[in-house]
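Reviewing the structure listed below.
The values are calculated or read from the model by the stated rules, or taken from the named source; none is laboratory data. Being a predicted model, the structure only gives us computed values, none of them experimental. For neighbour counting, all protein chains shown are included, and Cβ atoms are generated from backbone atoms with ideal geometry for every residue, glycine included.
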Amino acid sequence: MPLSVPESGREEIYFRHIDYTGYRREGVLWDIEGHLKDLRSADFPCVERGGFIRAGEAFHEMRLRLTVDDDLKIHGIEAVVENSPFKICPCTQAIFQKVVGLTICRGFIKEVRARIPVKLGCTHLFDLLLGTASAAFQTVGQVRYFKYCRGLKPDMIDTCLAWDSAGDVVKREWPDYYTGAQEDKAG
(Lines give C-alpha, C1' and ligand atoms only; values in the text may rest on other atoms or scores of the structure.)
Protein backbone atom coordinates (compact mmCIF):
# COMPACT_ATOMS: atom_id res chain seq x y z
CA MET A 1 0.00 0.00 0.00
CA PRO A 2 1.50 3.36 -0.97
CA LEU A 3 1.66 6.43 1.26
CA SER A 4 -1.45 8.57 1.44
CA VAL A 5 -1.73 11.66 -0.76
CA PRO A 6 -0.28 14.71 1.07
CA GLU A 7 -2.91 17.15 2.33
CA SER A 8 -1.24 20.23 0.85
CA GLY A 9 1.05 21.25 -1.97
CA ARG A 10 4.75 20.85 -1.36
CA GLU A 11 8.15 21.43 -2.95
CA GLU A 12 10.96 18.87 -3.07
CA ILE A 13 14.03 20.24 -1.28
CA TYR A 14 16.21 17.20 -0.74
CA PHE A 15 16.53 13.79 -2.39
CA ARG A 16 18.55 10.79 -1.22
CA HIS A 17 18.84 7.73 -3.40
CA ILE A 18 20.33 4.52 -2.01
CA ASP A 19 20.55 1.27 -3.91
CA TYR A 20 22.14 -2.09 -3.30
CA THR A 21 23.04 -4.83 -5.77
CA GLY A 22 24.28 -8.34 -5.02
CA TYR A 23 26.54 -10.32 -7.35
CA ARG A 24 27.71 -13.92 -7.28
CA ARG A 25 31.40 -14.02 -8.17
CA GLU A 26 33.22 -16.86 -9.84
CA GLY A 27 34.25 -19.24 -7.10
CA VAL A 28 32.76 -19.05 -3.62
CA LEU A 29 32.50 -15.31 -2.92
CA TRP A 30 29.81 -12.68 -3.34
CA ASP A 31 30.08 -8.93 -3.99
CA ILE A 32 27.43 -6.63 -2.57
CA GLU A 33 27.56 -3.01 -3.70
CA GLY A 34 25.84 -0.01 -2.21
CA HIS A 35 25.52 3.50 -3.65
CA LEU A 36 24.27 6.62 -1.85
CA LYS A 37 23.61 9.95 -3.57
CA ASP A 38 22.17 13.15 -2.05
CA LEU A 39 20.80 15.97 -4.18
CA ARG A 40 19.31 19.35 -3.26
CA SER A 41 16.88 21.44 -5.25
CA ALA A 42 18.69 24.74 -4.63
CA ASP A 43 22.30 25.89 -4.55
CA PHE A 44 23.88 25.22 -1.15
CA PRO A 45 26.74 27.28 0.32
CA CYS A 46 29.94 25.25 0.55
CA VAL A 47 33.33 26.94 0.87
CA GLU A 48 35.30 23.76 0.13
CA ARG A 49 33.49 23.10 -3.14
CA GLY A 50 34.01 26.47 -4.80
CA GLY A 51 31.50 28.46 -2.79
CA PHE A 52 28.38 26.47 -3.66
CA ILE A 53 27.15 23.01 -4.42
CA ARG A 54 24.82 23.67 -7.32
CA ALA A 55 21.21 22.45 -7.36
CA GLY A 56 21.05 18.93 -8.80
CA GLU A 57 24.78 18.31 -8.21
CA ALA A 58 25.66 15.48 -5.82
CA PHE A 59 26.00 16.84 -2.29
CA HIS A 60 27.09 13.42 -1.04
CA GLU A 61 27.92 10.45 -3.22
CA MET A 62 29.47 7.32 -1.77
CA ARG A 63 29.93 3.72 -2.87
CA LEU A 64 30.74 0.66 -0.84
CA ARG A 65 31.49 -2.94 -1.86
CA LEU A 66 31.52 -5.87 0.55
CA THR A 67 32.96 -9.22 -0.50
CA VAL A 68 31.53 -12.06 1.59
CA ASP A 69 31.41 -15.85 1.58
CA ASP A 70 28.38 -18.14 2.00
CA ASP A 71 28.62 -17.71 5.78
CA LEU A 72 28.62 -13.89 5.43
CA LYS A 73 32.20 -13.55 6.59
CA ILE A 74 33.64 -10.33 5.15
CA HIS A 75 36.70 -11.00 2.99
CA GLY A 76 37.05 -7.51 1.55
CA ILE A 77 35.60 -4.01 1.57
CA GLU A 78 36.04 -0.97 -0.60
CA ALA A 79 34.61 2.39 0.44
CA VAL A 80 34.73 5.40 -1.87
CA VAL A 81 33.67 9.01 -1.27
CA GLU A 82 33.04 10.49 -4.72
CA ASN A 83 31.41 13.73 -3.58
CA SER A 84 31.20 15.36 -0.16
CA PRO A 85 30.95 18.88 1.23
CA PHE A 86 34.40 18.72 2.85
CA LYS A 87 37.81 17.78 1.45
CA ILE A 88 38.61 15.69 4.54
CA CYS A 89 35.69 13.27 4.02
CA PRO A 90 37.56 10.84 1.71
CA CYS A 91 40.09 10.33 4.53
CA THR A 92 37.47 8.14 6.23
CA GLN A 93 37.57 5.48 3.50
CA ALA A 94 40.53 3.45 4.80
CA ILE A 95 39.19 2.90 8.34
CA PHE A 96 36.42 0.71 6.96
CA GLN A 97 39.05 -1.98 6.28
CA LYS A 98 38.68 -2.78 9.99
CA VAL A 99 35.49 -4.75 9.26
CA VAL A 100 37.35 -7.35 7.18
CA GLY A 101 37.14 -10.65 9.03
CA LEU A 102 33.81 -9.89 10.74
CA THR A 103 30.76 -12.03 10.06
CA ILE A 104 27.39 -10.41 9.38
CA CYS A 105 25.22 -11.79 12.20
CA ARG A 106 23.76 -10.73 15.54
CA GLY A 107 26.05 -8.17 17.16
CA PHE A 108 27.50 -7.01 13.83
CA ILE A 109 26.61 -3.34 14.32
CA LYS A 110 28.07 -3.33 17.84
CA GLU A 111 31.31 -4.90 16.59
CA VAL A 112 31.58 -2.43 13.71
CA ARG A 113 31.10 0.48 16.14
CA ALA A 114 33.82 -0.97 18.39
CA ARG A 115 36.26 -1.12 15.47
CA ILE A 116 35.36 2.19 13.83
CA PRO A 117 35.11 5.09 16.30
CA VAL A 118 32.40 7.57 15.31
CA LYS A 119 34.86 10.49 15.12
CA LEU A 120 37.12 8.61 12.67
CA GLY A 121 34.43 7.33 10.33
CA CYS A 122 31.68 8.73 8.15
CA THR A 123 28.00 8.60 9.09
CA HIS A 124 26.98 8.08 5.47
CA LEU A 125 29.48 5.28 4.81
CA PHE A 126 28.46 3.64 8.08
CA ASP A 127 24.79 3.76 7.02
CA LEU A 128 25.75 2.39 3.62
CA LEU A 129 27.72 -0.42 5.29
CA LEU A 130 24.70 -1.45 7.37
CA GLY A 131 22.42 -1.46 4.35
CA THR A 132 24.98 -3.36 2.30
CA ALA A 133 25.24 -5.94 5.10
CA SER A 134 21.46 -6.36 5.01
CA ALA A 135 21.58 -6.73 1.21
CA ALA A 136 24.33 -9.35 1.63
CA PHE A 137 22.00 -11.34 3.86
CA GLN A 138 19.31 -11.21 1.15
CA THR A 139 21.75 -11.97 -1.69
CA VAL A 140 23.29 -15.02 -0.05
CA GLY A 141 19.95 -16.07 1.43
CA GLN A 142 19.18 -18.93 -0.93
CA VAL A 143 22.50 -20.65 -0.23
CA ARG A 144 22.02 -20.10 3.49
CA TYR A 145 18.43 -21.40 3.28
CA PHE A 146 19.67 -24.78 2.06
CA LYS A 147 22.14 -24.88 4.95
CA TYR A 148 19.21 -24.36 7.35
CA CYS A 149 17.49 -27.32 5.73
CA ARG A 150 20.42 -29.33 7.07
CA GLY A 151 19.53 -28.44 10.66
CA LEU A 152 21.12 -25.04 11.33
CA LYS A 153 19.01 -22.42 13.11
CA PRO A 154 18.05 -19.55 10.77
CA ASP A 155 19.81 -16.27 11.63
CA MET A 156 16.64 -14.23 11.17
CA ILE A 157 14.76 -15.82 14.09
CA ASP A 158 14.09 -13.20 16.80
CA THR A 159 15.30 -10.28 14.66
CA CYS A 160 11.88 -8.67 14.11
CA LEU A 161 8.14 -9.09 14.78
CA ALA A 162 7.61 -11.42 11.80
CA TRP A 163 10.49 -13.70 12.85
CA ASP A 164 9.60 -13.81 16.59
CA SER A 165 10.39 -17.36 17.76
CA ALA A 166 7.00 -17.43 19.51
CA GLY A 167 5.13 -16.14 16.44
CA ASP A 168 3.12 -17.66 13.63
CA VAL A 169 5.80 -17.36 10.91
CA VAL A 170 8.38 -19.36 12.86
CA LYS A 171 5.69 -21.81 13.98
CA ARG A 172 4.82 -22.45 10.31
CA GLU A 173 8.24 -22.18 8.61
CA TRP A 174 10.64 -23.45 11.29
CA PRO A 175 8.59 -25.41 13.85
CA ASP A 176 11.72 -26.92 15.44
CA TYR A 177 12.67 -23.40 16.60
CA TYR A 178 9.17 -22.32 17.69
CA THR A 179 9.11 -21.24 21.35
CA GLY A 180 5.42 -20.39 21.71
CA ALA A 181 2.94 -21.92 24.11
CA GLN A 182 3.34 -25.65 24.80
CA GLU A 183 -0.26 -26.38 23.74
CA ASP A 184 0.63 -24.89 20.33
CA LYS A 185 3.61 -27.25 20.02
CA ALA A 186 1.57 -30.32 20.94
CA GLY A 187 -1.34 -29.49 18.59
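It is to be established whether one or more residues within the range 72-91 are under 27 Å from Glu173 (Cβ atoms), at pLDDT 95 or above and among the charged types (D, E, K, R). Talk me through it step by step, then tell me what you get.
Let us first name the residues in the range 72-91 that are under 27 Å from Glu173 (Cβ atoms), namely 72-73.
This time we only want the ones that are at pLDDT 95 or above, so: 73.
Subsequent filtering for residues that are among the charged types (D, E, K, R) retains 73.
There is at least one residue in the range 72-91 that is under 27 Å from Glu173 (Cβ atoms), at pLDDT 95 or above and among the charged types (D, E, K, R).
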Checklist entry - Which members of the range 159-187 meet the condition of being loosely packed, with under 12 Cβ neighbours inside 10 Å, at pLDDT below 85 and either part of a loop (DSSP other than H, G, I, E, B) or within 28 Å of the chain's Cα centre (by Cα) (or both)? => result Gly187
Checklist entry - If Gly27 satisfies every condition in (1) within 29 Å of Phe137 (Cα to Cα); (2) at pLDDT 95 or above; (3) out of contact with any Lys or Arg (no Cβ under 7 Å at 6 or more places or on another chain) but one, which is the exception? => result (2)
Checklist entry - Between residues in the range 88-104 that are among the hydroxyl-bearing types (Ser, Thr, Tyr) and residues that are surrounded by fewer than 17 Cβ atoms within 10 Å (Cβ to Cβ), which pairs lie under 6 Å by C-beta distance while being six or more apart or on different chains? => result Thr103/Lys73
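Would you check if Ala135 is out of contact with any helix residue (DSSP H, G or I) (no Cβ under 7 Å at 6 or more places or on another chain), among the hydrophobic types (A, V, I, L, M, F, W, C) and not in a helix (DSSP H, G or I)?
Working: out of contact with any helix residue (DSSP H, G or I) (no Cβ under 7 Å at 6 or more places or on another chain): yes; among the hydrophobic types (A, V, I, L, M, F, W, C): yes; not in a helix (DSSP H, G or I): no.
Against the criterion (out of contact with any helix residue (DSSP H, G or I) (no Cβ under 7 Å at 6 or more places or on another chain), among the hydrophobic types (A, V, I, L, M, F, W, C) and not in a helix (DSSP H, G or I)), Ala135 does not qualify.
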Next on the checklist: Here's a check for you: in the range 9-32, which residue that is closer than 15 Å to His75 by Cβ and in contact with a Gly (Cβ under 8 Å, 6 or more places away or on another chain) is surrounded by the most Cβ atoms within 10 Å (Cβ to Cβ)?
Outcome noted: Ile32
Next on the checklist: Yes or no: the range 99-114 includes at least one residue that is over 19 Å from Ala135 (Cβ atoms) and of a type in the set (Phe, Trp, Tyr).
Outcome noted: no
Checklist entry - How many residues, within the range 104-129, are surrounded by 15 or more Cβ atoms within 10 Å (Cβ to Cβ) and under 24 Å from Thr21 (Cβ atoms)? => result 12
